[in-house]
Every structure is written in structure tokens, then in C-alpha cells.
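Please treat every number below as a calculation from the coordinates, not as lab data. This structure is a prediction, so every number in the text was calculated from the model and none was measured. Heads up, the Cβs are rebuilt from the backbone with ideal geometry, glycines too, and the neighbour counts pull from every protein chain shown.
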Amino acid sequence: MRVKKAIIPAAGLGTRFLPATKSMPKEMLPIIDTPVIQYVVEEAIDSGIKDIIIITGRGKRAIEDYFDDSPELEMYLTKKNDTELLKLVRDVSSLVDIHYIRQKEPKGLGDAVLRAEKHIGDEPFAVLLGDDIIVNDKPCTAQLIENFEKYKKSIIAVEEVSYEKLSSYGIIKGKPIDDSIYVLEDIIEKPTPVAAFSNIGAVGRYVFTPEIFDCIRSAGTGFESEIQLTDGIRLLNKSQNIYACKFKGTRFDTGDRLGYIKAIVNFALKNENLKENIIEYLNEILKMEKEKGKKL
Ligand code: G1P
């Protein structure tokens, strides 16, 4: 069965970006001029997804407005004959069929995914976390879907994470079956470095068989008294194989302040209109910092 639906959980409180996220969704933070969530939605579309369910929460209206039509703005741009901007604005709202479901309380990622159960029904689906931007010619989700079609079982994207970051991820234990695929043996949510099975962490991309819903429900609350997706995966793994895929691509964790800044610098360096000025500026401040270092 083809993977046509995707869930994008975007109900998190965004505490790492306070105070900005007090009144704006963290998913709307821009990488230069494009909100993070647009990259995630585009990845889903480029991976063949036709139907997207965004799980929102209180204070997330801006996401719905962003993907909606914007008649006043369109009228203004039409009057000004600004066809380029008009196309940009219209393209955003015509990207794909997007549905919104509200998670009433932030009860964890597993709970957010469960909210979409009725909409997904009995078919495989993808999950893309709103914090991660992954850049690659073949999108990460498309790589997962390709492997899902081969193995017909749930598959999660993984990459090596540094020792200091082990306790920020779901960490897997897996048996490699080729260069990029592991059979999952176990997974644990945000372990201490000592308790971690490996240095391989789950990043925010998954494809699941629909049995994951029952497993999330049965697993109940876990780490930090929240309903964890990782616990659902762990339970599902007891009744069916799950695979982990070392995806190709560069990931930016835009939910982390440093990751966010790195994403902006990288995207600026890829932008022909900005590249030269940014390089010049970076060289300038590096030189200044070095000078300061000398004086110390
Ligand atoms: C979530 C998951 C975690 C996963 C991570 C990837 O954590 O619970 O298993 O490794 O996303 O970004 P969060 O970053 O939402 O705390």
C-alpha cells in the first residue's frame, strides 16, 4: 500500500525559543524568509504525500493562516502588479491538502500522533517532526517510503549523534543488514549517555504501519510523564519488524538555537543574492574575533 498521508506534529510549546514563542508558533520561525514548517511540508509533498495532517495546539493559529489564502494581501499585490510576490504568496496556499487537528493539552509526541488516528485510518503513513529540516536531492521521507515499499514494515530515520546529545534523542539498538539499514532491536527515549545502547538517534522522520496507534495507546505514559512515540515503537517492535534507515542528507535541528542559526547561515550561503555579502561579513567578524583573542 502506498504512503499518501503524513502527520506533522506542531503542538509543542517551543520553550527553547522563549520569549519569541510566547505569541508565535516555533514552527513559524523563519529561515531568512521562509518558515521552518514550509520546508517540512515541501519535503512531504516532494516525497509523494497527498494529504497532510498538522497537529496544532493553543497559540498555533498562525500556521493555519500561513497555509490559507490571503485575499487582502493578494488584492494588494495584484493592484501593485507585483506578479513575482503574488505567485510566491499563492504558491504557499496551493501546496497541498492540509487538515488541522488540535491537541488539547501537550501530552507528548505519541499523543499528538494518536490525535490523527481517525484521519489516517488503516493505512501506512509518514510522520515528519516540525523542528527538523533535512536537505537532500531525494528527500529523507522519500528515502523512508522507498524502504517501506521494500520491507513493508515501519521504518525510522536515524543518524549518529554526539555523546553530549544522546539524552536529547530516542536512541536505538540495531542490527545492520546493509550500508544504511538496521533491523531495530530496541529503542529508548532520551537515555543518559551511560544507559544509551549506541550513538544512533532517531531524527524526526518516520513511516509507520497503522498498528503503531494501538501500541502508543497501550504503552501509556513514559519519559517525563508524557505519551512517547518511542514507547509505541518499542511495543510495536515486539510484534513486527521495524527498520531504521541511515538517511542521506544534512539535517538542521531548528528546534535548537544553535541548529537554527546554522540553518540560517547555510541557507544564506546557498542564496545567490546573499552569498557574497554573507561570506564577506563572516570573514570580517572572524577577523575581529581573532584580533580580540590576541589582545586577551
Ligand atoms: C522527539 C522524539 C525523539 C526523537 C527526536 C528527534 O523528541 O521524542 O525520540 O529522537 O524527536 O528530533 P523531541 O525533540 O521532540 O524532544
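Averaging sequence separations of C-alpha pairs under 8 Å and six or more residues apart, then dividing by the length of the chain, give the relative contact order as a whole percent.
21 percent.
Under the classification rounded if a/c is under 1.5, otherwise prolate if a/b is larger than b/c and oblate if not, where does the chain fall, given a ≥ b ≥ c as square roots of the Cα gyration tensor eigenvalues? Spell out each step's value before the answer.
Working: a/c = 1.72, a/b = 1.22, b/c = 1.41.
Oblate, because a/c is 1.5 or more while a/b does not exceed b/c.
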* To do: Using +1 at the Cβ of each Lys and Arg and -1 at the Cβ of each Asp and Glu in the chain, identify which of Met75, Val161, Ser94 lies farthest towards the dipole's positive end.
  => Val161
* Asked: For region 213-296, rounded, prolate or oblate, judged on the Cα gyration tensor with a ≥ b ≥ c (square roots of eigenvalues), a/c < 1.5 rounded, else prolate if a/b > b/c?
  -> prolate
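Under 27 Å between alpha carbons: how many lysine pairs meet that in region 60-121, if sequence neighbours fewer than 8 apart on the same chain are excluded?
Numbers: Lys60/Lys87; Lys60/Lys104; Lys60/Lys107; Lys60/Lys118; Lys79/Lys87; Lys104/Lys118; Lys107/Lys118.
Pairs that pass both the separation and distance tests number 7.
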* Structure fact -> The lysines whose Cα lies under 21 Å from the Cα of Lys246, excluding any fewer than 8 residues away in the same chain, are Lys138, Lys150, Lys152, Lys153, Lys165, Lys173, Lys175, Lys190
* Packing-based ranking, highest mean first, of 177-185, 251-259 given that Cβ atoms within 10 Å are counted -> 251-259, 177-185
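Beta carbons within 10 angstrom, averaged per residue: use that to sort the peptides 54-63, 74-83, highest first.
On the way: 54-63: 19.3, 74-83: 11.8.
So the order, starting with the most tightly packed, is 54-63, 74-83.
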* With labels modelled as points extended 7 Å from the Cα through the Cβ direction, what inter-label distance (nm, one decimal) is found for Glu42 paired with Leu18? -> 3.2
* For region 24-99, size of Cβ-based charge dipole, Lys and Arg +1, Asp and Glu -1, in debye -> 240
* Asked: What net charge do the residues around Arg251 carry, taking every other residue with its C-beta under 13 Å from that of Arg251, with Lys and Arg at +1 and Asp and Glu at -1?
  -> -2
* Just how large is the dipole of the chain about the Cα centre, in debye to the nearest 20, putting +1 at every Lys and Arg Cβ and -1 at every Asp and Glu Cβ? -> 600
* **All lysines inside 23 Å of Lys275 as judged from Cα atoms, apart from same-chain residues fewer than 8 positions distant** => Lys262, Lys287, Lys290
